[in-house]
Amino acid sequence: MAATASASASSRGFAATELRSVDILPSFRNGFVEFRRTNRKLIGGCRNSTGGFFSVKCCSDSTMPIRGASGGSGNGVDKSDDWRFDAKKTSANYMRIQASSAMPFPSPQSRFISKPEKFFFRCIPRNSGPQSRDSPPKRDTGIANEKDWGISMLNDNVNESGINEDGSTWYRESGEDLGDNGYRCRWTRMGGQSSDGTLAWKETWWEKSDWTGYKELGVEKSGKNVEGDAWWETWREVLHQDEWSNLARIERSAQKQAKSGTENAGWYENWWEKYDAKGWTEKGAHKYGRLNEQSWWEKWGEHYDGRGSVLKWTDKWAETELGTKWGDKWEEKFFAGIGSRQGETWHVSPAGDRWSRTWGEEHFGNGKVHKYGKSTTGESWDIVVDEGTYYEAEPHYGWADVVGNSTQLLSIQPRERPPGVFPNMDFGPSMPPEDELPPTLSQ
């Protein structure tokens, strides 16, 4: 097919779209986000490094995270860009909105970036009890390393509580649970609340082990503040023997959610990473968010077989209550320098009119790349160009890295096994990705 788009199109074969409309392009300036009108249909490039929601003045803002094609970062952190689209088309040439950069919900009083006593009880005498370390989790921060949690298990059974001078209460307890097959779980729980109960927090640490070599380190914490904002977060790190390969495997996961108490806003994220001793690696995330009348979703995954084959994919979409929907997805597969990429960008208007552009690339491993694509507005291209092939055949954060960052997990000591007693090697399933959203956010 003859090429109807010039060879100077982008590396993915995108030709200039024939659809034109006035959209709004955001950019950070001096702690604010400035929106400038521009004649582009698809908008990208505003990086929200903190993952915070924005307090929008006099317009509707819909947010949808975009994941770069280069894949996740070494520690699982997704360095996304925020894709912004204004469905209502405001007439103002400029708008300025202040970003609640450190926390996930906006407030006229900027309550999430105010004084530390918003989250720490005041007038607490030294050594009177645990103080809250809790604050809302941040979006798009991936899976933390174990050293970032500061997990410190208490050696003795503890059960204590108290009342501080300002009327706030606290508790701290620890213990050990034993079970069959050498199972042992050591745990520490702590928490507290303000005198009127409007501010509360709790945090649990645990480490588990048994005679099969299974080890687990984990954290769960939650809290709420006086404005009614609530949040929850859990983190797990597991060492076990894979059922099929008998290789050692380390799996890490994190789930996070936050919900506003003053507006219809909230978000949820589920991240996971799996590694084995021969280089097999799997990473992924499922995300959901809502801000008033707008919602967005994102799913992505990476799979490395340890022998040079790699699969990466991303699917993200958003919608408004007015009926506007839009999204983008892509996939790439490579092995030994040969592979393909393909994707689609699409948009649906409230009236049901659909626009889409599909594209693809075939990499032959000889310096030649076949690029093709088309759109519903009549665009099309089909060309072969001289171009190198670049992809990541191995994860830049792999088995050696996760072992080096899991020293506390690996140091967990199981119960002593009596002579002549052998473990029951009934392997349990590995940690699956959880596709379903919590009930609080799926409504």
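Nothing in this text is a laboratory measurement; each read-out follows from the coordinates by a stated rule. Note that the structure is a prediction, hence the values are computed from the model and not measured. Every residue, glycine among them, receives a Cβ derived from its backbone with ideal geometry; neighbour counts consider all protein chains shown.
Considering every alpha-carbon pair of segment 146-411, the percent of pairs per 10 Å bin, from zero through the bin containing the longest distance, is 6, 19, 24, 23, 17, 8, 3, 0. The length gained by stretching the chain between residue 394 and residue 158 to full extension, at 0.36 nm per residue less their Cα-Cα distance, is 80.4 nm. Between residue 416 and residue 313, take the C-beta separation as r, use R0 = 45 Å, and let me know the FRET efficiency to the nearest 0.05. Efficiency for this residue pair is about 0.45. Kirkwood Rh, segment 341-399, all Cα pairs: how many Å? It is 13.9 Å.
Within segment 339-354, name every residue whose backbone N is under 18 Å away from a label modeled 7 Å from Cα of residue 384 along the Cβ vector. Under 18 Å, as judged by backbone N against the label point of residue 384, lie 339-341 of segment 339-354. Once the Cβ-Cβ distance of residue 407 and residue 364 is raised to the sixth power relative to R0 = 41 Å, the FRET efficiency obtained is 0.35. If you take the Cα centroid of segment 241-283 and the Cα centroid of segment 335-389, the two points sit 31 Å apart.
Taking 0.36 nm per residue of separation and subtracting the current Cα-Cα distance, fully stretching the chain between residue 278 and residue 377 would add 30.9 nm.
Dividing the C-alpha radius of gyration of segment 210-270 by 2.2 N^0.38 Å, with N its residue count, gives 1.62.
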